[in-house]
Ligand SMILES: [Zn+2]
């Protein structure tokens, strides 16, 4: 997961003033379809018609970061057999997380043995990578990273609260999901007392931020900004003018950071984060909007296209 509830949680926790291949198989580039990929989906949250939408928009592959592994395996096999239309699906299965209200398609772990068992269960199911989420404890996050590596699986992280992006990157995480939560929140996770998104942005635009971007770049970790999903959050109906304006400013900080990360050599992945149908992030169109926003951030059309194609295929084929 995603998106609105997490973003709302982030907003609450920060008291923001401004806004208040087949699983398990070894993948080689030659085996993967060339074309548009979505680096961050939740297919089974939306349902099977997401596959038609993605196909309609020309999307040939997805990196699914949290869905029901059994359903995805079925869809993947039906697509391979020509019984269903849809993109190539590579998936994490259920997310590894800590205790929280919603436990749908996630494994909640509270000790080291459970964390290792969660990784083993997913690896045995044939997933292509592991996804962790924000309530996983920092200590167990490192257990998951180490154990996933022994099983040959990369880890995509919606960062656990309390782990700064550069620490996760130094520790071998494969990708950092969401410029808003995982990246903008990192100085707070590092212990800086900040109450507004502007303060976290100012920190990233300081010399300290420069050195952390250089440090992250040295690790080879990729970043999936999910700007289009944040834009939908910013446009959410029912928010006051002031809240809306604050969120739009935060989207602006994220775009500036995307360009700085990109210029530092950090691979950018285009991901939509579509999930539930009751939200306004839709399969297919939201990826095209993400590509547009990456260009608005300053990537060339070819670079934005690479973020939604070759960068994702390369990420999938890399080992931890
Ligand atoms: Zn997500």
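A few comments on the model shown:
- The distance separating the Cα centre of the range 160-229 from that of the range 251-277 comes to 12 Å.
- The chain, helix-only ellipticity at 222 nm - DSSP H runs n ≥ 4, -39,500 (n - 2.57), divided by all residues, nearest 500: -14000 deg cm²/dmol
- The chain: translational diffusion in µm²/s, Stokes-Einstein, Kirkwood Rh over Cα pairs, 37 °C, 0.692 mPa s: 171 µm²/s
- Rule-of-thumb Rg ratio for the range 185-290 [Cα; 2.2 N^0.38 Å; N residues]: 1.15
- Projected onto planes of every orientation and averaged, the convex hull of the alpha-carbon atoms in the range 62-210 covers 9.9 nm².
- At 0.692 mPa s and 37 °C, Stokes D of the range 111-158 from Kirkwood alpha-carbon radius, µm² per second: 314 µm²/s
- Residue ranges 39-45, 102-108, 188-194 sort as 39-45, 102-108, 188-194 when ordered by packing (mean number of other C-beta atoms within 10 Å per residue, highest first).
Rule-based calculations on the coordinates, nothing more; no lab input. It should be emphasised that the depicted structure is a prediction, and the values quoted were computed from it without experimental measurement. Counting neighbours? That spans all protein chains shown, and the Cβs are built from the backbone with ideal geometry, glycine included.
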